[in-house]
Amino acid sequence: MSSSWTSFGGDLHLDLTERRAAGAGLRVALEDALREAVQDGRLGPGTRLPSSRALGEDLGIARNTVVEAYGQLTAEGWLTSRQGSGTTVARRAAPRPGRRSTRPSARGRSVRHDLSAGRPDLSLFPRTAWLAAARRALATAPHDAFGYGGPLGRIELRQALCDYLARVRGVRTDPDHLLICTGVTQGLGLLGAALREHGARGIAVEGYGLPPQHAVLRAAGLSTVALPLDGAGARVERLDGLDSRCGAVLLTPAHQYPTGSALAADRRAAAVRWARERDRYVVEDDYDGEFRYDRQPVGAMQALDPERVVYAGTAAKSLAPGLRLAWLALPDALVEPVARLKALADTMSPVLDQLTLAELITSGTYDRHVRRCRLHYRRRRDQLVAALAEHAPRVRVTGIAAGLHAVLELPPGSPSEAELRARAEAAGLALGTLSWHLADRAVGEGAAPALVIGYAAPPEHAYPAALAALCELLRER
């Protein structure tokens, strides 16, 4: 590389050498250097950048490399490009010149391949159908729909969900016991606060789960106690030995996150029996309940006792997390306290999206969309399994009968989870580790290292490259 300086009305130093030495590719190194220049104010909003040809000549690199880097940064919102006007720095908030971020330098690594778990393929969002449903919903909505409503949510969506959940998941509820919230996480926070008012001081959780959910429960004033897991799900027999102030247990019975097991029928019955006999509750997070491939549908636990099981569902995977639409089917005793806390939190959830989802469900469009997604994700899963079988045959793939992710159990002698994650980060590959999901370190003692791989997020055209990057990471050297 002949130079690390470029001049376009003023000199700018772009240090690519250090990034190349750290293992970054040339295009990624250029992207990182330009991001840093924008972040620290050396490239202010509105600054016009040199042409791709001129910058390539200044830095001694190929013009196509610059074109690709400009394109990536434009897609991310750092730059703007207009035909005939060249490429400029986007007019976005940036730190003052000389100010350095205190965040870890990992931000400088661009994510080229997103294999994070828990994220759907956003390109599948049914834009045309959603727009048509929104128009129909707006045309028929009563005027009072746009005023301040009750905290439970719009009756149109609650009725549509009651019918849909009864048919698809076996949930037994009615509109007066259904509450619309802005995500399962908000729902858990409201439940945690309501249980705290009810006298609970703790909640049992699965040994592996989602740390943000555990954090919101603790923020509501509940301590968390981890239950061990095996191939049949959570070891719910441990509930009998917990403190009497443990007021509930949080389970993902349809598809345990992240291990992928389904809670065995006898354990479902035992958990409900524990809640009934001790005046406690089961909180059922129906994680990935709509996406199953190699096993028969598993109905919701809530049907075993609607007065002891709280059912939590969401449209985050089936549609998009950005909609912020989720729901709780509540026992009678929890409706008033949870609705009161919802009103204090944000009064009510946005109306237009509720009306649109109701229209999407009642028209049958939502069912058709979910079926298309199920076929799409099953094909993605099969591609992942086939690629690993060919390029990393010693890696054991588990938890794939349902959901949008897989657990890759690494063979003896493999690098540690931390080392693999660092290598993945350097390669622009986003993925998860099993240990990150631990609710209690004691539960994971002696567990083999494993990765948690989401196969849904990359758009269709980028998925083969993401699989190739994963297989290269796992390839034995």
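Key figures
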item	result
Cα gyration tensor shape of the chain, rounded if a/c is under 1.5, else prolate or oblate by comparing a/b with b/c	prolate
Shape of the range 359-433, Cα gyration tensor, a/c cut at 1.5	prolate
In nm, spacing of pseudo-spin labels at Ser416 and Ser110 (7 Å Cα→C-beta vector)	3.1 nm
Additional length obtainable on full extension of the chain from Ala343 to Arg394, 0.36 nm per residue less Cα span	13.1 nm
Low-density loop positions, chymotrypsin sites (Phe, Trp or Tyr not before Pro), the range 123-160 - DSSP coil, at most 12 other Cβ in 10 Å	Tyr148
Alpha-carbon centroid distance for the pair the range 382-402 / the range 256-313, whole angstrom	27 Å
Computed E for Arg475/Asp440 - FRET, C-beta separation, R0 30 angstrom, nearest 0.05	0.35
His143-Ser51 FRET efficiency (beta carbon distance; Förster radius 51 Å; 0.05 resolution)	0.40
Dipole of the chain, positive end: most advanced residue of Ala134, Ala145, Trp436 [Cβ charges, Cα centre]	Ala134
Candidate residues Glu417, Glu197, Glu409: accessible-area rank, largest first, probe 1.4 Å	Glu197, Glu409, Glu417
Difference of contour (0.36 nm per residue) and Cα-Cα distance, Ser85 to Ala448	125.2 nm
Bridge type composition, the range 224-379 - antiparallel percent by DSSP, nearest 5	45 percent
Selection of chymotrypsin sites (Phe, Trp or Tyr not before Pro), the range 371-467, meeting DSSP coil and at most 12 other Cβ within 10 Å	none
Shape of the range 346-477, Cα gyration tensor, a/c cut at 1.5	prolate
Electrostatic dipole magnitude of the chain [Cβ: Lys, Arg +1; Asp, Glu -1; Cα centre; debye, to 20]	800 debye
Beta bridges by DSSP in the chain, antiparallel share as percent, to the nearest 5	60 percent
Selected from Ala320, Leu14, Gly364, residue furthest toward positive end of dipole (the chain; charges at beta carbon)	Leu14
Apportionment of accessible area to carbon and sulfur, the chain, percent (1.4 Å)	51 percent
Computed over the range 230-334, the ratio Rg/Rh where both radii use C-alpha atoms and Rh is Kirkwood	0.97
Computed over the chain: relative contact order in percent, which uses C-alpha pairs under 8 Å that are six or more apart	19 percent
Probe 1.4 Å, protein heavy atoms only - accessible area per residue of the chain in square angstrom	45 Å²
Extension gain, Ser123 back to His461 (0.36 nm per residue minus Cα-Cα distance, nm)	120.6 nm
Packing-based ranking, highest mean first, of 388-394, 288-294 given that Cβ atoms within 10 Å are counted	288-294, 388-394
Whole-number percent relative contact order across the range 250-384, with pairs defined as alpha carbons under 8 Å at least 6 apart	18 percent
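The values are calculated or read from the model by the stated rules, or taken from the named source; none is laboratory data. None of the values given here were measured: they were computed from a predicted structure. Every residue, glycine among them, receives a Cβ derived from its backbone with ideal geometry; neighbour counts consider all protein chains shown. Heads up: the accessible areas ignore ligands, DNA and RNA and are worked out on the full protein's heavy atoms, side chains in. Shrake-Rupley method; radii C 1.70, N 1.55, O 1.52, S 1.80 Å.
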